[in-house]
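The values are calculated or read from the model by the stated rules, or taken from the named source; none is laboratory data. Just so it is clear, the structure is predicted and the values come from calculations on it, not from any experiment. Cβ coordinates were reconstructed from backbone atoms using ideal geometry, including for glycine residues, and neighbour counts include every protein chain displayed. The area values use the complete protein model at the heavy-atom level, side chains included, leaving out ligands, DNA and RNA. Shrake-Rupley method; radii C 1.70, N 1.55, O 1.52, S 1.80 Å.
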Amino acid sequence: MPKPSIKSLSEDELSEHFAAQGQPAYRARQVLDWLYQKRVDAFEAMTDLPAALRAGLAEEFSFVRPEVVRVLGSKDTTHKFLFRLADGSLIESVLIPASPALYGQTSDRRTACVSTQVGCAYGCKFCASGLEGFSRNLDASEIVDQLLAIERESGDKIDNIVFMGMGEPLANLTNLLRAIRIINAPWGLEIGARHITISTSGLAPQIRKLAHEPTQFRLAISFHGATDDVRDQIMPVNRKYNLKTLLEACDFYVAQKKRLMFEYILIAGVNDRDEQARKLAQHARRLSAKVNLIPYNTVEGLEWTRPPRHRQENFLHILREHGVVATLRREKGHDIDAACGQLRLQTARAERELGVR
Ligand code: SAH
Ligand code: SF4
């Protein structure tokens, strides 16, 4: 059994751990302060803990940080990070600077886009993350570590988090919620729940589960098709949870006084017809959901492209005409392949070709 990571524990769990050893209650806070305020990266650096206690922690818990393999900067200062985890797996995260109304937040904010899995099992036809299949879930510490590493590397404080990197967050729900607790906690990264957005390709049962979560994070549904025939064509998940099942789960979610939004990537000739816009407007109105339109980012090796600008604007116009609050992303990071999974794919391929791994 590998040791659990110290950065996967909540304050309560750490307190229990110390209580069981007859240690004073303030030990948990001391450790958390070293982890998330002072941000040391070894137990030995926790100098106000007795040496024996530090040694004991090192015996029971692992304390690693991801290796930064590559950092790509884009002209508009979006930064993309490629990390190697302790087992050699590659994951990526993106830091996106101020971007007005990207996910409904105010504009002077830095958004981190983080991964929740190595690869993705859902295999959407347009997505780089699914191209090489699924390897494994990230544990909570590997999710939190992406944020710590981005802040350390960039010197910036992250204000917003979107779980839109590699992987399907709701397929790793336990670790995701554990990480969100750490990210949200006053003893942790102290990022408000309203500044945390989870994105899902449409795992209906998990959407229903989230309806009962007390934390007020945001939920985005990756719609990408307003009818089953379009969704079936590009998102295999739709064969498991079709539009009716997905919409009913969303109804249930919204009935718990929660709000959700739709993401809709525009792919030329696939989901950009006027009729799709009209049907999408119906679904959005049913759920009072705001729609974010995202022009498709081309992925090396895939044939899909974004529609021309006037078709994007036309799609937006139809949604608005039907009373839907919608935005069209003039997205950043296009010049560094900011769409999820692309950097990892390139690096993994290059390493294989070079025989590095
Ligand atoms: N698995 C989750 C979250 C990660 S993907 C989900 O699918 O929602 C985050 C978002 O990026 C999704 O809306 C996804 O459809 C979108 N996306 C994937 N590849 C893209 C590409 N090449 N261009 C633009 N958006 C892309
Ligand atoms: Fe997985 Fe999301 Fe990519 Fe689909 S879009 S393959 S669910 S990461």
Checklist entry - Looking at region 15-26, is at least one residue closer than 20 Å to Leu148 by Cβ and surrounded by 14 or more Cβ atoms within 10 Å (Cβ to Cβ)? => result no
Next on the checklist: Of all residues being in a strand (DSSP E or B) and out of contact with any helix residue (DSSP H, G or I) (no Cβ under 7 Å at 6 or more places or on another chain) in region 106-152, which is farthest from ligand 2 (Cβ to nearest atom)? Just the residue, please.
Outcome noted: Thr111
Checklist entry - Just a yes or no: is a residue in region 348-355 in contact with a Leu (Cβ under 9 Å, 6 or more places away or on another chain), of a type in the set (Asp, Glu), modelled with pLDDT under 95 and within 16 Å of ligand 2 (Cβ to nearest atom)? => result no
Item to check | Evaluation of Asn172 against (1) within 13 Å of ligand 2 (Cβ to nearest atom); (2) within 17 Å of the chain's Cα centre (by Cα); (3) open to solvent by 10 Å² or more (accessible area, probe 1.4 Å); (4) farther than 19 Å from Glu263 by Cα (one fails), failing number | outcome: (3)
Checklist entry - Considering Lys244, Lys240, Lys209, Lys257, which residue is surrounded by fewer than 17 Cβ atoms within 10 Å (Cβ to Cβ), basic (Lys, Arg) and within 30 Å of Leu14 (Cβ to Cβ)? => result Lys209
Next on the checklist: Can you list residue pairs whose Cβ atoms sit under 6 Å apart, with the first residue in region 229-242 being basic (Lys, Arg) and the second being assigned to a loop (DSSP other than H, G, I, E, B)? Count only pairs 6 or more apart in sequence or on different chains.
Outcome noted: Arg231/Gly225
Checklist outcome for this item: Taking region 153-167 and keeping only residues that are touching a helix residue (DSSP H, G or I) at 6+ places or on another chain (Cβ under 9 Å) and within 9 Å of ligand 2 (Cβ to nearest atom), one is left with Gly165, Met166
Checklist entry - Among the residues of region 30-64, how many are free of Cβ contacts under 8 Å to residues at least 24 places away in the same chain and part of a loop (DSSP other than H, G, I, E, B)? => result 8
Next on the checklist: Among the residues in region 154-163, are any in contact (Cβ under 8 Å) with a residue 60 or more places away in the chain and either within 13 Å of ligand 1 (Cβ to nearest atom) or surrounded by 24 or more Cβ atoms within 10 Å (Cβ to Cβ) (or both)?
Outcome noted: no
Next on the checklist: Is it the case, given these coordinates, that Ile182 is over 12 Å from the mean Cα position of the chain (by Cα), open to solvent by less than 30 Å² (accessible area, probe 1.4 Å) and modelled with pLDDT of 95 or more?
Outcome noted: yes
Checklist entry - Residues in region 187-210 that are within 30 Å of Leu32 (Cβ to Cβ), of a type outside the set (Lys, Arg) and away from ligand 1 (no atom under 14 Å from the Cβ): how many? => result 8
Next on the checklist: For Arg208, only one of the following conditions fails: (1) in contact (Cβ under 8 Å) with a residue 40 or more places away in the chain; (2) farther than 20 Å from Arg285 by Cα; (3) among the charged types (D, E, K, R). What is its number?
Outcome noted: (2)
Next on the checklist: Anything in region 18-29 that is out of contact with any Leu (no Cβ under 6 Å at 6 or more places or on another chain) and either in a loop (DSSP other than H, G, I, E, B) or touching a residue at least 12 places away in the same chain (Cβ under 8 Å) (or both)? List them, or say none.
Outcome noted: Gln21, Gly22, Gln23, Pro24, Ala25, Arg27, Arg29
